[in-house]
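The values are calculated or read from the model by the stated rules, or taken from the named source; none is laboratory data. If you're wondering where the values come from, they're calculated on a predicted model, not measured in any experiment. Quick reminder, even Gly has a Cβ in these numbers, built from the backbone with ideal geometry, and neighbours come from all protein chains shown.
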Amino acid sequence: MIRVVAYVRPHRLEEVKSALAERGVTGITVSEVRGCGSSAEPSDWMLGKEYVIPLPARLKLETVVRDDMAEAVVEAIAGSARSGRPGDGKIVLQRELDCIRIRTGERGETAV
């Protein structure tokens, strides 16, 4: 099993959700986060003065999928979240050891 963690721009959420649904991914967790990566922090002009936007808002999406679905999920997220500008986000893949569905006691990929 692979946990896919993606950091994306908030206004791209609906496109990303739709792209994941088309590939059969239904379970996702979305959190509001703030942070910056390797790009310089963005700035904006207000009242004739330039202000740096510290730690811009992003959404963190998480899902756990079977190994054979991981690449399709990465392609779905990257394709639907990409604007071509700095700050589009990151996708991180993590191997998971096990998963347990609390209600039924199922384990492994059947619990995902």
* Structure fact -> Across the range 49-92, the tally of residues that are of a type in the set (A, V, I, L, M, F, W, C), surrounded by 15 or more Cβ atoms within 10 Å (Cβ to Cβ) and under 27 Å from Ala111 (Cα atoms) stands at 13
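Is the range 32-47 home to any residue that is modelled with pLDDT of 95 or more and either of a type outside the set (Asp, Glu) or exposed (fewer than 12 other Cβ atoms within 10 Å of the Cβ) (or both)? Give the derivation first.
Kept after step one, since they are modelled with pLDDT of 95 or more, are these residues of the range 32-47: 32-33.
Restricting the remaining residues to those that are either of a type outside the set (Asp, Glu) or exposed (fewer than 12 other Cβ atoms within 10 Å of the Cβ) (or both) gives 32-33.
So far as the range 32-47 goes, yes, one or more of its residues are modelled with pLDDT of 95 or more and either of a type outside the set (Asp, Glu) or exposed (fewer than 12 other Cβ atoms within 10 Å of the Cβ) (or both).
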* Structure fact -> Pairs returned, first residue in the range 13-28 that is touching a residue at least 40 places away in the same chain (Cβ under 8 Å), second residue that is part of a loop (DSSP other than H, G, I, E, B) and of a type in the set (Val, Ile, Thr), beta-carbon separation under 9 angstrom, 6 or more apart or interchain, are Val16/Ile28; Ala19/Val25; Leu20/Thr26; Leu20/Ile28; Gly27/Val112
* Looking at the range 31-112, what strands (runs of 3 or more DSSP E) fall wholly within it and have at least 1 residues that are in contact with a helix residue (DSSP H, G or I) (Cβ under 9 Å, 6 or more places away or on another chain)? -> 57-65, 89-95
* Asked: Consider Met46 against the criteria (1) over 30 Å from Thr110 (Cβ atoms); (2) touching a residue at least 12 places away in the same chain (Cβ under 8 Å); (3) not aromatic (Phe, Trp, Tyr): it satisfies all of them except one. Which criterion is unmet?
  -> (2)
